[in-house]
1. Compare the Cα positions of LEU84, ALA274, SER200 along the charge dipole of the chain (+1 at Cβ of Lys, Arg; -1 at Cβ of Asp, Glu; about the Cα centre) and return the one farthest towards the positive end.
2. Between helix 114-134 and the chain, what is the angle of the helix's C-alpha long axis to the longest principal axis, kept within 0 to 90° and rounded to the nearest 10?
3. Can you tell me how the chain classifies by the Cα gyration tensor, rounded, prolate or oblate, using a/c under 1.5 as the rounded cut?
4. So what's the net charge close to SER114: Lys and Arg +1, Asp and Glu -1, counting the other residues with Cβ under 13 Å from its Cβ?
5. Using DSSP to define loop residues, name the trypsin sites (Lys or Arg not before Pro) in region 206-265 whose beta-carbon has at most 10 other beta-carbon atoms within 10 Å.
6. Assign one of three labels to region 1-94, namely rounded, prolate or oblate, based on the Cα gyration tensor with a ≥ b ≥ c the square roots of its eigenvalues; rounded applies when a/c is under 1.5, prolate when it is not and a/b is larger than b/c, and oblate otherwise.
7. Express as a percent, rounded to the nearest 5, the fraction of DSSP beta bridges in the chain (both residues included) that run antiparallel.
8. For a test of the definition: using alpha carbon positions, the gyration tensor, and the 1.5 limit on a/c, classify region 112-188 as rounded, prolate or oblate.
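Every number in this text was worked out from the coordinates using simple rules, so none of it is lab data. Because the structure is a prediction, the values reported are computed rather than measured. Note: ideal-geometry Cβ built from the backbone for every residue, glycine included; neighbour counts use all protein chains shown.
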Amino acid sequence: MDNFITGVYANLAPVEGKSGFTFQEADVTRELTVPGRFDAVANLASPASPRDYMAHPVETLEVGSVGTRNLLEIARRDQARFLLTSTSECYGDPLVHPQVETYWGNVNPVGPRSCYDESKRFAEAITMAYHRTHGVRTNIARIFNTYGPRMKLDDGRVVPQFIDQALRGEPLTIYGDGSQTRSFCYVRDLVDGLYRLMRSEERYPVNLGNPVELTILEFGQRIQELAGSKAGIVFHDLPQDDPKRRKPDISKAKAVLGWEPVVPLEEGLRETIAYFASTPAGPR
Ligand code: UDP
């Protein structure tokens with residue numbers, strides 16, 4: 001199910017027409033008519049790029065609140081498993097490093113990112129409430145920066161932005177001085193973590209991400225090397241409330257799920273660069 005507020009239909013091409021797959025264009029914040037009985041409900045609905053959620057702040061708040069509740073109701077009705085994909089943004093601009101699940105976070109509740117952060121924090125709270133009140137078999141993943149083929153070329157996130165700039169031979173746009181850090185997980189690793197989490201009995205949030213931490217400056221240089229660009233960099237203002245450091249502590253995922261990322265950054269970036277090189281205008 002997708003309402004395509006930020007998604008792209010062409011990304012479904014590999015599974016379209018396969019047995020066992022059906023697609024419904026719908027908005028989970030509206031009344032849902034879903035025929036059949038479900039074993040599992042995976043809630044991945046939400047804009048996730050800062051540019052996208054800041055362009056759609058009300059829709060972002062609605063999908064985490066009303067949308068999550070509507071999907072929890074389906075799980076409750078069918079006694080299905082329920083997966084919530086939450087976010088490292090629950091930690092805001094964190095004062096604890098690396099971030100552990102027991103840290104409650106440092107979120108500006110009225111800043112430009114609050115529509116996403118508070119939406120996901122509400123989504124976690126209502127997921128726990130459905131578990132405690134109705135016994136729904138819930139799981140909560142806190143996903144850290146994830147990347148890979150089929151990201152939207154113009155969604156503003158650092159991976160498609162830097163790769164696009166490197167492939168065009170344009171300078172990279174670094175926000176701030178580039179000393180802020182992120183830790184990037186390849187999508188294949190992440191999907192494996194989500195699948196394992198859905199089969200587990202862990203009800204409290206579990207961090208899923210790659211603990212290899214880089215400054216944005218180092219990350220940009222790595223992309224330029226792999227894409228063969230020597231176009232340099234230009235510095236822009238750092239956006240308000242941009243988290244300064246982010247790195248997941250994945251001890252819990254290792255212990256509870258037996259999971260850790262296995263795809264090295266260079267391999268993941270090569271696959272992602274190859275995708276964007278072969279799809280220069282992005283998926284339509
Ligand atoms: N960033 C940057 N240049 C860009 C896009 C992003 O320097 O063209 C920085 C951004 O300020 C942030 C980091 O890269 O510090 C990751 O940004 P992104 O939007 O991918 O996701 P975030 O982790 O902030 O949610």
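1. Checking the options against the dipole of the chain, the answer is SER200.
2. 30
3. Prolate, since a/c reaches 1.5 and a/b exceeds b/c.
4. Summing Lys and Arg as +1 and Asp and Glu as -1 gives -2.
5. Filter output for region 206-265: LYS230.
6. oblate
7. Restricted to the chain, the bridges split so that about 10 percent are antiparallel.
8. Since a/c reaches 1.5 and a/b is larger than b/c, the shape of region 112-188 is classed as prolate.
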